[in-house]
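S.K.: Quick one: this structure, given as structure tokens, is what I'll be asking you about.
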């Protein structure tokens, strides 16, 4: 087993700042009202479905790192609101695929536009280079997290 890397002061500060980011302040700023108010998880669920074009609920749960029970609850709610469409998987008649309805794609586009406007406001005083640097660093952090998750899944 590989020893864990040492925890630096910077890592501790990063953990604290990510916690602040997750907490109510930014989430509340990013949650906006619309005809189809979407929670943070519902928005991410729709984003994954739209990008995949068609996806099984189990793959969706894995991608979002949530339980199948949680995904089932969200999917059922989103099917009820006609944000998602469910159809048989042509490669396996026992399974179903989820895709976004036109209404779901519009709801996602609305949420993204509103969230982008909030982020633009939050970063309005920043030089473009700082926004690009933050974006690149977040991409690296997300890529590292994804690689870590995939490595853990192969061990199971």
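Laboratory data are not the source of any read-out in this text; all were calculated from the coordinates shown. Not measured: the values here are computed from a predicted model. FYI the Cβ positions are ideal-geometry reconstructions off the backbone, even for glycines, and counts take in every protein chain you see.
S.K.: On C-alpha positions alone, give me the angle between the axis of helix 9-22 and the longest principal axis of the chain, in degrees, nearest 10.
M.R.: 40
S.K.: I need the calculated FRET efficiency for the pair residue 123 and residue 51, taking r as the beta carbon distance and R₀ as 22 Å, to the nearest 0.05.
M.R.: Taking R0 as 22 Å, the efficiency between residue 123 and residue 51 is 0.35.
S.K.: Separate question: If R0 is 25 Å, what FRET efficiency do you get for residue 115 and residue 152 from their C-beta distance, rounded to 0.05?
M.R.: Computed FRET efficiency for residue 115 and residue 152: 0.25.
S.K.: Here is a further query. So between residue 12 and residue 41, what do we pick up on full extension, going 0.36 nm a residue minus the alpha carbon distance?
M.R.: 7.8 nm
S.K.: Would you please put 100-109, 6-15 in order of how densely packed they are, using the mean number of other Cβ atoms within 10 angstrom per residue and starting with the highest?
M.R.: Taking the mean over residues of other Cβ atoms within 10 Å, the ranking is 100-109, 6-15.
S.K.: How much length is gained on full extension from residue 105 to residue 22, taking 0.36 nm per residue of separation minus their Cα-Cα distance?
M.R.: Here the segment from residue 105 to residue 22 would lengthen by 27.4 nm.
S.K.: Please compute the length gained on full extension between residue 133 and residue 79, using 0.36 nm multiplied by the number of residues separating them and subtracting their Cα-Cα distance.
M.R.: That works out to 15.6 nm of additional length.
S.K.: Binning at 10 Å from 0, report for the chain what percent of all alpha-carbon pair distances ends up in each bin.
M.R.: Distribution as computed: 9, 30, 34, 21, 7, 0 percent.
S.K.: Relative contact order (percent) for the chain, with alpha-carbon contacts under 8 angstrom and 6 or more residues of separation?
M.R.: RCO, the chain: 20 percent.
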